[in-house]
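Everything on this sheet refers to the single structure shown next.
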Amino acid sequence: MNGLLVVGAAGTVGALGRHYLDLGFRRPFPAGPSRGILAANVVASFVLGVLTGVVAGRVVDPDLRLAVGVGFCGGLSTFSTFVAQLAEELEGGRRPAALWWAGVVLVSGALAAAVGVAVGRLF
């Protein structure tokens, strides 16, 4: 039961963070895929990378791993919104924009995770 509460609380924080990032980036960039969702996915990838790097070198409290990895990062990141925005670009006949969006999200997320793992291994 403790794990459920930890994941729920941390997931709430992550989801609220994603919402506010989306709102904040929508003001200056109202058209096209949300740069706030991109930022949320990149931050979540980095944080999960750090957690992975830290966990690789030592035993970490299971509740902390659940809170950060499943709760916070799961609430902050969103694959479904990325795919929905990709589909919107494709449906609108904007294939170059769709390819750009897919590339930016996937490459930036992978780079953020790799940097996060390297940072996490320092601790």
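The values are calculated or read from the model by the stated rules, or taken from the named source; none is laboratory data. This one's a predicted model, so the numbers in the text were calculated from it and none came from an experiment. Counting neighbours? That spans all protein chains shown, and the Cβs are built from the backbone with ideal geometry, glycine included.
Observations on the structure shown:
- Per this entry, Ala114 is not counted among residues that are farther than 25 Å from Val7 by Cβ, surrounded by 18 or more Cβ atoms within 10 Å (Cβ to Cβ) and among the small types (Gly, Ala, Ser).
- Any hit, segment 24-36, residues being modelled with pLDDT under 95 and on the phi > 0 side of the Ramachandran plot: yes
- In segment 11-55, the residue that is surrounded by the fewest Cβ atoms within 10 Å (Cβ to Cβ) out of those that are in a loop (DSSP other than H, G, I, E, B) and in contact (Cβ under 8 Å) with a residue 60 or more places away in the chain is Gly32.
- Residue selected from segment 70-87 under the condition of a type in the set (Val, Ile, Thr) and closer than 22 Å to Thr52 by Cβ, by the criterion surrounded by the most Cβ atoms within 10 Å (Cβ to Cβ): Thr78
- So Leu66, is it hydrophobic (A, V, I, L, M, F, W, C) and modelled with pLDDT of 95 or more: no
- In segment 59-108, the residues that are among the hydrophobic types (A, V, I, L, M, F, W, C) and touching a residue at least 60 places away in the same chain (Cβ under 8 Å): Leu66, Ala67, Val70, Phe72, Leu76, Ala97, Trp101, Val104, Val105
- Residues of segment 88-111 classified as surrounded by fewer than 13 Cβ atoms within 10 Å (Cβ to Cβ) and basic (Lys, Arg), total: 1
- Residues of segment 1-10 satisfying the condition of being assigned to a helix (DSSP H, G or I) and without any contact (Cβ under 8 Å) to a residue 60 or more places away in the chain: Leu4, Leu5
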